[in-house]
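Step one of this worksheet: look at the structure below.
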Amino acid sequence: MGESARALLDRVSAGFTELAADLPDESGVDGPIGWTGYGEARARARARTGERESVVCGTGLVGGAPAVLVAFEFGFLGGSLGGATGARIAAAFARARELRRPLVALVATGGSRMQEGMRALSQLQRIAAESARNRELGLPLVAVLRDPTTGGGWATLGAGADVTLAVAGAQVGFAGSRVRPPGDHAAYTAESQLAHGHADRVLAPAEVPDVLGRWVRLLGTPSTEPAPPPAALRPVEAPATGWAAVRAARVRHSGAGTRADAYLDAYFAWREDISGDRCGGVDTGVRCGFGWRAGRAVAYAAQCGTPTAPAGFRAAARLVRLADRLGIPVLTLVDTPGAANDAAAERAGVGPAIAELFGAVAAARVPVTTLVIGEGGSGGALAFAAPGRTWVTPDSYFSVTSPEAAAAILKRPPEQVPAVADQLRLRPQDLVDLDIARGIVTPVPPPG
């Protein structure tokens, strides 16, 4: 048996106060379906753990920010979900609504409690309904997946969270170890869920308190002010020709990381990424997450100079929708030669994925700010851009299509590509003249 619920709560929160729970004494009762020996099993679980149910719920400070916490006690019947478990979790969600606080779920469960039959399984619907009520109020849900997180606990509190963190090496999957088919057991791990877009980060146990505290602080800080565009990182002149603009945008900055990484690191005091599209995909060429700047949170979705895959568009759409629901402004950074256009991208639905992001940006009630920091290649770049709130750096371009593609479409030879670039009017100053961009950002002058 791993870390107890109480020990974990002591590590991740300060000033924890347990919620009052009006639970009947069922230690000698065999439950709603009369499962022989169930009452005795509950009594043994109480004696072994000191808990009356498989979850401990209460309020406390996480990273200095107030939150409501739900911690599973795996030692109590495998952290299984029964009627009383559902009642406690529902009360925790209600308390979060009352206090307007984030809810943190520290999950370790084997699934629904067989000894209560369908009464236990129906608690998943109850939890989903409570989570939906909190979501409607813009209250975030952050989950930490411990070992194991399987069954309904994974399919509600885990996979249904806004941000899903997982402990390294944890068993995570819908099917538990005793019921899954033989074969690829590595698929049922925290690491596999991260690799396939279903979790945001895998943490060592010692990392959980700090990272969790940062997330609670980020997601619990709404703001109505738009994010200002970042300053340019390089003191360069606006290009004289279209082809010069294209060449400047394609120069990779020196040092580690991408242009997007450099801009994000300069813009934020600190930040936390989310990962994956929740549909089985991860695009490493897109950075999404939330960062802390000037005392408030800003969400970001940034392209990193590569063709954007369907998973990248879906992850960005997920980010924009989440930020919109939480009332947090969004910054997008554009740098891509365009959407991925190979057969795999088509099979994965690149068109619907682009449409999803266009729709998320168009529907956002929070302000979205865009800075083009490199290549702006066609619709795959435009999907990341905010109409009316787009700026450009002096070493960027934005075009209906790349000069090479335009030349090919027009059946012009390769040596005419530079001339086509001029005709496309894709330079930063052209974009301002065309009312596509509001302005060209410049570097911040050094102090003094």
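The values are calculated or read from the model by the stated rules, or taken from the named source; none is laboratory data. The shown structure was predicted, so the numbers you read here are calculated from the model rather than taken from an experiment. Methodologically, a virtual Cβ is constructed for each residue, glycine included, from the backbone with ideal geometry; neighbour enumeration extends over all protein chains shown.
Quick notes on this one:
- Residue in the range 245-262 that is free of Cβ contacts under 8 Å to residues at least 24 places away in the same chain and charged (D, E, K, R) present: yes
For every residue, the table says whether it meets (1) aromatic (Phe, Trp, Tyr); (2) at pLDDT below 95; (3) closer than 23 Å to residue 149 by Cβ.
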site	(1), (2), (3)
40	no, yes, no
61	no, no, no
68	no, no, yes
99	no, no, no
104	no, no, yes
107	no, no, yes
110	no, yes, yes
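- Restricting the range 387-406 to residues that are farther than 19 Å from residue 233 by Cβ and buried (at least 21 other Cβ atoms within 10 Å of the Cβ), the residue that is farthest from the chain's Cα centre (by Cα) is 403.
Quick grid of which residues meet (1) among the charged types (D, E, K, R); (2) touching a Lys or Arg at 6+ places or on another chain (Cβ under 6 Å); (3) in a strand (DSSP E or B):
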{"site": "125", "(1), (2), (3)": "no, no, no"}
{"site": "131", "(1), (2), (3)": "no, no, no"}
{"site": "135", "(1), (2), (3)": "yes, no, no"}
{"site": "143", "(1), (2), (3)": "no, no, yes"}
{"site": "149", "(1), (2), (3)": "no, no, yes"}
{"site": "153", "(1), (2), (3)": "no, no, no"}
{"site": "166", "(1), (2), (3)": "no, no, yes"}
{"site": "181", "(1), (2), (3)": "no, no, no"}
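- Test for residue 298: is it crowded, with 21+ Cβ neighbours inside 10 Å, touching a helix residue (DSSP H, G or I) at 6+ places or on another chain (Cβ under 9 Å), assigned by TED's automatic domain parsing to the domain that holds residue 382 and part of a helix (DSSP H, G or I): no
- Residue match in the range 8-30 (condition: part of a strand (DSSP E or B), on the phi > 0 side of the Ramachandran plot and in contact with a Gly (Cβ under 9 Å, 6 or more places away or on another chain)): yes
- Annotation note: Cβ proximity below 9 Å between a residue of the range 310-322 that is more than 19 Å from residue 140 (Cβ to Cβ) and a residue that is among the hydroxyl-bearing types (Ser, Thr, Tyr) (sequence gap 6+ or interchain) occurs for 312/284; 312/306; 312/336.
- Hey, residue 414 of a type outside the set (Gly, Ala, Ser), farther than 22 Å from residue 237 by Cβ and either surrounded by fewer than 20 Cβ atoms within 10 Å (Cβ to Cβ) or outside the structural domain of residue 331 (by TED's automatic domain parsing) (or both) or not: yes
- Criterion applied to 265, 162, 184 was being over 23 Å from residue 389 (Cα atoms) and surrounded by fewer than 16 Cβ atoms within 10 Å (Cβ to Cβ), and the one residue passing it is 184.
Table: residues versus (1) of a type in the set (A, V, I, L, M, F, W, C); (2) surrounded by fewer than 22 Cβ atoms within 10 Å (Cβ to Cβ); (3) closer than 21 Å to residue 385 by Cα.
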site: 227; (1), (2), (3): yes, no, yes
site: 233; (1), (2), (3): yes, yes, yes
site: 236; (1), (2), (3): yes, yes, no
site: 243; (1), (2), (3): yes, yes, no
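- Among (1) more than 14 Å from residue 102 (Cβ to Cβ); (2) at pLDDT 90 or above; (3) not hydrophobic (A, V, I, L, M, F, W, C) - the single one residue 134 does not satisfy: (1)
- Of all residues making up the range 60-80, the number that are in contact (Cβ under 8 Å) with a residue 60 or more places away in the chain and buried (at least 21 other Cβ atoms within 10 Å of the Cβ): 9
- Subset tally (residues that are more than 27 Å from the chain's Cα centre (by Cα), in a loop (DSSP other than H, G, I, E, B) and without any contact (Cβ under 8 Å) to a residue 60 or more places away in the chain) for the range 81-123: 3
- Selected residue (criterion: farthest from residue 247 (Cα to Cα)) from residues of the range 362-381 that are surrounded by fewer than 24 Cβ atoms within 10 Å (Cβ to Cβ) and at pLDDT 95 or above: 365
- Residue check, residue 42 in a helix (DSSP H, G or I), assigned by TED's automatic domain parsing to the domain that holds residue 131 and surrounded by 23 or more Cβ atoms within 10 Å (Cβ to Cβ): yes
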